[in-house]
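*Asks:* Submitted below is the structure of interest, expressed as structure tokens.
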Amino acid sequence: MPSQTTPPVLIEVTRGARVESCHRGQIAVMDAAGSLRHHLGDPEAQVCLRSLAKPFQALAVLASGAAPAFGFGAPELALFSGSLSGQDFQVELATQILTRLGLTPDALQCGVHPPLHRPTAQTLTKAGLKPTPLHNTCAGKHIAMLALCVHHGWPVDNYLDQEHPAQVLILRTVARMVGVPPPQITVAVDGCGAPVFYVPLKNIALGYARLAAAQPGSPAGTLLAAILGHPRHIAGDGRLETAVMEAMPGRIFAKSGAEGGFAFSLTEAGLGVAFKIDDGGQRALNPTVLALLEQLGALPEPAPKTLAPFREPPILNHRRDEVGRLRPAFRLTS
């Protein structure tokens, strides 16, 4: 049953000296043993993983043997786990992987949108070029699914069908990481056309805790090492996920999802953190992440200057004047 409790306010949006609006949400912090360390709101709230599922979906490529079969190294594994910005270095690696699979970009069924990286999108427009599926933020995930198909000899033309063996394998892998049996996971369709999964918020945090605590050399440990070593493949330049991973090398894996979802693994503490902005407002993500890192004692002191723009983002009017800010309004509880 849906929670009947009003979620707490996580972020206030000021205009002048007053709060004009706010973003409510839920937070869960778990360890790999399954203990709920901290929470705000309802940790049992059903949340759609969206792109938070990507590292678990990518794990299937390692666990099935497809990664060693194709010689996928750390850059490829990180690309499979990320929500890409469509930058040239990401497109180039994606193209190389498809070539290794004997496929072309036409095999991708993720759809087309402009690159998230604005300078790249502007360069394409000035050159009179149109974006391709390789610029899609989910291109890496889809290439990982195609790798499963080619490795196992499964058909590629319907790889997004929920009943396709690649998707059945992925569902089992996701279920194992988040600790929810497959029959209890509601499956829907993501923005890129792939199956996506509803699980309790605390179980998303559990999956990220299990990544944080994964043993080196295990499939999850190998994937995490690849992710930590290639933060630009997890998002891209100018985005918090990449910025915070570069500012805290080896200590955090940060991953955003659509509709106000975010999760991260803290490797030193062995914790997984997941939160959901109730109204889906993406603008509330960055200040929530920085506040959580501070409250969990994970943010270096002094905080890296590269993270300052994400802490309390300004509200600008059309004249580019600052007229307000987004600011955290919560404290974690045990």
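*Asks:* I need the trypsin sites (Lys or Arg not before Pro) found in region 66-168, filtered to DSSP loop residues with at most 15 other beta carbons within 10 Å of theirs.
*Replies:* Taking region 66-168 and a limit of 15 other Cβ atoms within 10 Å, no loop trypsin sites (Lys or Arg not before Pro) are found.
*Asks:* Under a plain spin-label model, where a point goes 7 Å from the Cα along Cα-to-Cβ, how far apart in nm are ASP321 and ARG18?
*Replies:* That separation, rounded to one decimal, is 1.8 nm.
*Asks:* To continue, here is another question. Let me have the relative contact order for the chain, percent, based on Cα pairs under 8 Å that are six or more residues apart.
*Replies:* In percent, rounded to a whole number, it is 25.
*Asks:* About the Cα centre of region 114-177, what is the dipole size in debye to 20, counting +1 per Lys and Arg Cβ and -1 per Asp and Glu Cβ, all else neutral?
*Replies:* 360 debye
*Asks:* Now, a different point. Along the charge dipole of the chain, Cβ charges K/R +1 and D/E -1, which of GLN162, GLY297, ALA60 sits furthest on the positive end?
*Replies:* The one lying farthest along the dipole's positive direction is GLY297.
*Asks:* What residue among VAL244, GLY270, THR137 has its Cα farthest toward the positive end of the dipole of the chain, where the charges are +1 on Lys, Arg and -1 on Asp, Glu, each on the Cβ?
*Replies:* VAL244
*Asks:* Rounded to the nearest 10 degrees, what's the angle between the helix 201-212 long axis and the longest principal axis of the chain, both from Cα atoms, 0 to 90?
*Replies:* That works out to roughly 70 degrees.
*Asks:* What ratio of Cα Rg to 2.2 N^0.38 Å holds for the chain?
*Replies:* 0.97
*Asks:* Quick check: net charge around HIS117, other residues with Cβ under 12 Å of its Cβ, Lys/Arg +1 and Asp/Glu -1?
*Replies:* Combined, the nearby Lys, Arg, Asp and Glu give +1.
*Asks:* Place a +1 charge on the Cβ of each Lys and Arg in the chain and a -1 charge on the Cβ of each Asp and Glu, then give the dipole magnitude about the Cα centre in debye, rounded to the nearest 20.
*Replies:* 480 debye
*Asks:* Sticking with this structure for a sec: Show me the GluC sites (Glu not before Pro) within region 268-334 that DSSP assigns to loop and that have at most 16 other Cβ atoms within 10 Å of their Cβ.
*Replies:* Those satisfying the criteria are GLU268.
*Asks:* Is it possible to state the helix-based mean residue ellipticity at 222 nm for the chain, with each DSSP H run of 4+ residues giving -39500 (n - 2.57), the sum divided by total residues, to the nearest 500 deg cm²/dmol? What is it? Walk me through the intermediate numbers first.
*Replies:* Numbers: 12 runs with 120 residues, N = 334.
Calculated at 222 nm, the ellipticity per residue is -10500 deg cm²/dmol.
*Asks:* Step through the table entries LYS130/LYS255; LYS141/LYS305; LYS54/LYS202, compare each Cα-Cα distance with 24 Å, and write down the pairs that go over it. Display every interim value, and only then the final one.
*Replies:* On the way: LYS130/LYS255 27 Å; LYS141/LYS305 32 Å; LYS54/LYS202 17 Å.
Beyond 24 Å between Cα atoms: LYS130/LYS255; LYS141/LYS305.
*Asks:* Provide the FRET efficiency to the nearest 0.05 for the GLN295-THR95 pair, computing r from the beta carbons and using R0 = 30 Å. Walk me through the numbers before you get to the answer.
*Replies:* Working: r = 42 Å, r/R0 = 1.39.
Once the sixth-power term is evaluated, E becomes 0.10.
*Asks:* What is the gain in length, in nm to one decimal, between ARG118 and SER35 on full extension, counting 0.36 nm per residue of separation less the C-alpha to C-alpha distance?
*Replies:* Residue separation times 0.36 nm, minus the Cα-Cα distance, leaves 25.8 nm.
All of the numbers you see were taken from the coordinates with simple rules; none came from a lab. Keep in mind the model is a prediction, meaning the values are calculated, not measured. Neighbour counts are summed over all protein chains in view; Cβ atoms, including those assigned to glycine, are modelled from backbone coordinates with ideal geometry.
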